[in-house]
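Structure first, then comments.
We did not get these values from a lab; they are worked out from the coordinates using the rules stated. Everything numeric here is computed off the predicted structure, so don't read it as measured data. As a convention, Cβ positions derive from the backbone with ideal geometry for all residues, glycine included, and neighbour counts pool all protein chains shown.
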Amino acid sequence: MDDLANDSAVRPLLSEARLIYAITVPLSTAIILANLVIILSISCNRQLYNTPNYFFLSLLVADLCTGVALPFIPWMGLNRPLSFSSCLLVHIFPNFLFLAFLFNLVIVHYERYMFIVSPLHYSSFWVHRRFPLALLAVWAPPLLYASLPAFGWNNRAGPGWNGCCSFNDTGAPGAPVNCSTVVTAGAAPVGSECCSYRRVFPNAFIYLEVYGLLAPAILSIAGMTGRVLWITRGQMKDICRLHRSVATRGGGQTSEREQRLNLRYTRCVAAVSLTFLACWVPYIIYTHVCVTFLLSKETRGNSTTHIVLSCTGIGSMAVMPLVLGLANRQYTDPVRKLLHKLRDRWRRRQDSEDMAL
């Protein structure tokens, strides 16, 4: 009977593990490889050694670390029998990497926003004059905030943490959710410590992170992007007006260049909108679903839904720097040249082999 109970307890966790790795491993591999390609491209091109690209390089490093931590992020919503120190580590470290990635994303958008808004004062911008301080500002605060549970802001003393599979059906705060029993050699689940995100992160910590850090960061990025598009629209209208006046004086009609500018701007707006929908909307949905689940009194959540939402939400956000990097020909030229050289070498080898035959 005990063996049957253990088998029935282990089987859900095994299915969850297969689902997590089936989604995250291909996505994580693609994110890591793409980031490495862009990082090497920037490192090999000395013309790209400037402050804007240094910030973007910092973002790529944070994105690379997020890709490495991606397979471990869905486990943060599942209960496991771990010691409290190990539980802190598996929750704090991925949270720090994700917050650092978000802060780097904000500073990159802010730097490019200032380049568009005030190009004449761009060289005297404080980010350029105090680059080490700005770089410290996007890595140190996420580390300090993510480490607060290790300094005592946690629910370690909360009830119900002895025995990972003991549910509190009353809906009290601190009750384990999505509990999965792990039966390993020499480790008994009954009476062992339960590792849950509710044990590491108090409700106030989660609310402050979501509505005090994540929401303002996303809104600021959306606001800066919208402002840049609005300024671009105004500049394009001025250019079109100038072309129209020149064409009128010359007795001609509206130039084709004006139509190309309108078409290019339309494509730009469409690309930005699609990027926002593909990269931000899944994460926003995942965040609000998690907060709604936290507020609900039901403790038994759908682990499959949580796994899919966490993987797609975090993964979609990690793709955004890759979209920005691959859209810049300066970052992809070294790789393109290398591929051309390999292709030419392969063709020459094939030609020599054909001539030998």
Determine the distance separating the Cα centre of the range 111-156 from the Cα centre of the range 67-86; give it in Å without decimals. 27
Semi-axes, largest first, in whole Å: what does sqrt of 5 times each Cα gyration tensor eigenvalue give for the range 7-131? 38, 17, 11
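Taking neighbour Cβ counts within 10 Å as the exposure measure, how do Asp333, Asp351, Asp63 sort from fewest upward?
Listed from fewest to most nearby Cβ atoms, that is Asp351, Asp333, Asp63.
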Return the long-range amide H neighbours of Cys195 (sequence gap of 5 or more, or a different chain), with a cut-off of under 5 Å between placed amide H atoms. Arg80, Leu82
Local net charge near Gly226, Cβ-Cβ under 15 Å (Lys/Arg +1, Asp/Glu -1): +3
How large is the direction-averaged shadow of the alpha-carbon convex hull of the range 42-91, in nm²? 4.8
